[in-house]
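Worksheet: one structure, shown below.
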Amino acid sequence: MSGADRPVAAAAREAFAEWVAASREGRRFGQLLVRRAEDGYELRHLADAGREDLRPLAGPAAAREIARTTEGGEHRPLKTSPNLRRGWTLRVEDERELAAALNYLYPAALVHWHLERAGRLPVTHYRETAGRQSGIYEIVRNLSDEGVQAAARAHCEDEVCLKRPLWGVDAGTPLKMEPGEGEIPCPEPCSLFISFARQITLFEREGRDASGLTASERRDLAALVEAAAAGELPPAREGEFSLPGNRRRLRYRALTLVPRLREPLAD
Amino acid sequence: MKALVIVGHGSHLNADSSLPVYEHAERIRASGEYDEVAECFWKEEPSMRHVLDTVEAGEVYVVPAFISEGYFTQQVIPRELGLEGEVTHRPDGKTVYYAGPLGTFELMADVILERAADLTAGHDLSGGRRALVLLGHGTDRNQNSSGVIYLNAGRIRERGVYDLVEVGFLDQEPEIVDVVENIPAGHVVVIPVFVAEGWHTKETIPEDLELTGEVTRRPDKTIYYGAPVGTHPAMADLIAARARELALVRG
Ligand code: SF4
């Protein structure tokens, strides 16, 4: 090996295997239950802990297929969204296969988990990540501090992402959100978050009408009332932030619009 | 130990974008040429920012699954991976070698021809001239994007496998619809020179060309249209060859 240090990925894989082996009932990691088995390791959905009727799968490539889509067949651009499919058990032969499988189920999470425990995980805050963006994402550097805070609450809380953000607006401005108790740290805003931040930056540019609403707020309210009347929410994919029915967009509206709607009008 | 890292664009919306990258990685992994083969993406996980930390090898070859040189290969990928050029020595001891995009590589013409052969296999192409049309995205901003399509058309023309080899674009002249309409051939094989399936290859192109499936018979010609070249299994060989060539710069 040409490295000065031992590769961090190798240290992480060993530390994780030890951590798993040290527990008889297995360890929770995101939505996974990871256990030492006779020869190798066994992974399954945490909610399938006691079940016997699971589809037996083997090897890292099967982990990739599990991670790619939801139960309903939808694309999963963010692997720590709490929508991991159920109904399977995965056998992997050894520590290396375990690491490879985990890197499909929760990419890079293993090494981040290890580095955080060792107190060596570098954190990149929003302002730095935003400052690096180019092309259509260049505008995210203009997002206000409050905008970053609201976006993080809408985008990163446990209801929508199981990672624990370690990053803040900048080094001196931590996030004001419930980071969650998950095992997996988030050292830097992810690409989906940057895309969401772009949407929120566009919202921040809008003017308000006499009743204090922006044009997109009005459009969303109209679309949602109509949808509710019709009996179904307009469909939007996880990363489709331009649509009123997008979960994270709705969460943002719940945080920033609903309190204003509930406020009694001043005379 | 040596590792191969394939960089894909990925998508926040569709699973089609990353699929070929996973599949090519799996093929190369099975060949045993590398101790590790990892995938990473601009819009999916692992991100380019984190992938190198997941790799144990000290010698890392990075191949972008992109057709042409441009914004991604020159700006986004080097920035996100923290690369300094063709060779980067990282503080953690890793040496990272960065390859150019796939489209200009000699083998690309072979992959396109293989894709075309698969598409027309089992069909009788006798009677009438046979034309191959390379379909590119094209854009006013990036000369390289169309350049790579012309380059491959030229290379394929030299081989003399098709009577005619033409190019057509979505976003610039000559437009694909006009090219396919006017080409003087009884059999027209249209190959999208894209890395993955997407909205254009699945929806807009078949619609614009009024296709009824993989094979569309019209009074004057038969049109063959299928998955983009980037999804073909032979693309894995091209990626591996690209990395092998890069290994030569190590000296
Ligand atoms: S930025 Fe937010 S959504 Fe993205 S991985 Fe981190 S915690 Fe999850």
(request) Being among the polar types (S, T, N, Q) and out of contact with any Ser or Thr (no Cβ under 6 Å at 6 or more places or on another chain) is the filter; apply it to segment A:67-95 and report the residue that is farthest from the other protein chains (Cβ to nearest Cβ). (result) A:Thr89
(request) Check segment A:157-171 and report whether any residue there is touching a residue at least 60 places away in the same chain (Cβ under 8 Å), touching a Cys at 6+ places or on another chain (Cβ under 9 Å) and within 13 Å of the ligand (Cβ to nearest atom). (result) yes
(request) Out of B:Val87, B:Val111, report the one residue that is β-branched (Val, Ile, Thr) and open to solvent by 10 Å² or more (accessible area, probe 1.4 Å). (result) B:Val87
(request) Examine segment A:200-208 for a residue that is assigned to a loop (DSSP other than H, G, I, E, B), under 23 Å from A:Pro77 (Cβ atoms) and either hydrophobic (A, V, I, L, M, F, W, C) or at pLDDT below 95 (or both), and state whether such a residue exists. (result) no
(request) Mind telling me which of the residues A:Glu204, A:Glu263, A:Glu232, A:Glu217 ends up being open to solvent by 40 Å² or more (accessible area, probe 1.4 Å) and in contact with a Leu (Cβ under 8 Å, 6 or more places away or on another chain)? (result) A:Glu204
(request) Scan the helices (runs of 4 or more DSSP H) fully inside segment A:100-183 and keep the ones with 1 or more residues being within 14 Å of another protein chain (Cβ to nearest Cβ) and touching a His at 6+ places or on another chain (Cβ under 8 Å). (result) A:109-117
(message) Here is a check on your reading of the model: is A:His125 open to solvent by 40 Å² or more (accessible area, probe 1.4 Å), within 14 Å of the ligand (Cβ to nearest atom) and not aliphatic (A, V, I, L, M)?
(response) yes
(message) Could you tell me how many of the residues in segment A:49-83 are away from the ligand (no atom under 16 Å from the Cβ), in contact (Cβ under 8 Å) with a residue 40 or more places away in the chain and in contact with a Leu (Cβ under 6 Å, 6 or more places away or on another chain)?
(response) 1
(message) When you check B:Arg157 against the structure, is it in contact with a strand residue (DSSP E or B) (Cβ under 6 Å, 6 or more places away or on another chain), farther than 27 Å from B:Thr73 by Cβ and either among the basic types (Lys, Arg) or open to solvent by less than 10 Å² (accessible area, probe 1.4 Å) (or both), yes or no?
(response) no
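The values are calculated or read from the model by the stated rules, or taken from the named source; none is laboratory data. Keep in mind the model is a prediction, meaning the values are calculated, not measured. So basically every Cβ, Gly included, is an ideal-geometry build from the backbone, and we count neighbours across all protein chains shown. Quick note on the areas: whole protein, heavy atoms, side chains included, nothing else; ligands and nucleic acids left out. Shrake-Rupley method; radii C 1.70, N 1.55, O 1.52, S 1.80 Å.
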